[in-house]
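Structure first, then comments.
What follows draws every value from the coordinates through simple rules; no lab data is involved. What you see is a predicted model; the values in this text were computed from it and never measured. FYI the Cβ positions are ideal-geometry reconstructions off the backbone, even for glycines, and counts take in every protein chain you see.
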């Protein structure tokens with residue numbers, strides 16, 4: 001039987017893993033609340049058995065109506081992530097939520113070798129607008145001469161580099177995408193949903209092993225020769241339109257790649 005914490009008068013407080021919602025978003029407000037709460041749970045800030053702050057406390061912390069918080073909590077309970085108990089409160093179940101692929105793009109797919117989730121930081125190396133090459137044109141279904149946005153990032157876990165990311169998007173689909181490193185959002189797929197209404201609903205990936213290049217060695221802090229895992233992907237939106245061409249180059253000495261869809 002799942003043990004739970006005794007109910008208390010805990011408030012979300014200054015150290016809460018959920019924060020006041022100030023960003024403009026095209027997503028419904030309760031979806032933004034759901035995202036913050038589910039990420040706090042997935043990253044271990046609210047572990048299994050934890051009793052969440054009251055609806056009023058969460059609403060005050062996040063700057064939204066109590067009804068908005070209640071709807072988010074009811075949705076997360078229906079997905080299996082939370083349990084609503086009359087005398088105890090809202091409890092983290094410890095179960096995997098019943099979610100579609102649209103949720104998984106938020107989570108870093110390199111995990112510790114014991115399978116536990118790790119939190120990563122994305123450091124932007126470059127973001128540029130350029131002409132699509134023939135390979136990208138074909139994968140994204142673009143006309144010759146079309147512009148794309150190319151984003152290159154270094155992912156770190158506990159300040160140690162573990163993966164290089166490259167994302168390429170059709171520029172016409174993301175007008176005004178940030179072109180300064182410091183303005184690029186950490187969660188690109190979530191930004192696409194909230195800023196442009198583009199929801200990634202499917203990802204096709206190809207995995208292979210390669211020898212690290214000189215750039216790989218420099219950015220990932222390894223000595224050559226060394227093997228890395230390369231993940232080439234095309235992500236499709238809710239209309240099955242190819243939207244992102246991605247390449248990830250990852251170290252697997254201390255991490256494993258997990259792709260799980262339920």
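Dividing the mean sequence gap of close Cα pairs (under 8 Å, 6+ apart) by how many residues the chain holds gives a relative contact order of 16 percent. Using the Cβ-Cβ distance between residue 183 and residue 84 with R0 = 35 Å, the FRET efficiency computed as 1/(1 + (r/R0)^6) comes to roughly 0.35. Binning the alpha carbon pair distances of region 219-262 at 10 angstrom intervals from zero yields the distribution 21, 40, 26, 12, 1, expressed in whole percent.
What angle do you read, to the nearest 10 degrees and between 0 and 90, between the alpha-carbon axis of helix 66-78 and the longest principal axis of the chain? Roughly 70 degrees between the two axes.
If you wrap the tightest convex hull around every Cα atom of region 171-242 and split its volume per residue, you get 122 Å³. On the principal axes of its alpha carbon atoms, the chain extends 60, 39, 32 Å, with the longest extent given first. Taking 0.36 nm per residue of separation and subtracting the current Cα-Cα distance, fully stretching the chain between residue 144 and residue 217 would add 22.9 nm.
In terms of the mean number of neighbouring beta-carbon atoms within 10 Å, the peptides 69-80, 32-43, 140-151, 176-187 order highest first as 32-43, 69-80, 140-151, 176-187. Taking each residue as 0.36 nm, the span from residue 19 to residue 134 lengthens on full extension beyond its C-alpha to C-alpha distance by 37.1 nm.
Over region 101-257, Cα pairs under 8 Å with separation of 6+ residues give a relative contact order of 25 percent.
At q = 0.10 Å⁻¹, what is the base-10 log of I(q)/I(0) for region 101-257 according to the Debye formula with one equal point scatterer per Cα and no solvent? Please give it to two decimals. Scattering profile of region 101-257, log10 relative to I(0): -0.36. Between region 182-206 and region 214-262, the alpha-carbon centres lie 16 Å apart. From helices alone, the chain scores -6000 deg cm²/dmol at 222 nm; the rule is -39500 (n - 2.57) for each run of n ≥ 4 DSSP H residues, then divide by the residue total.
For the pair residue 207 and residue 160 in one chain, pulling the backbone fully straight at 0.36 nm per residue adds 14.7 nm over the alpha carbon distance.
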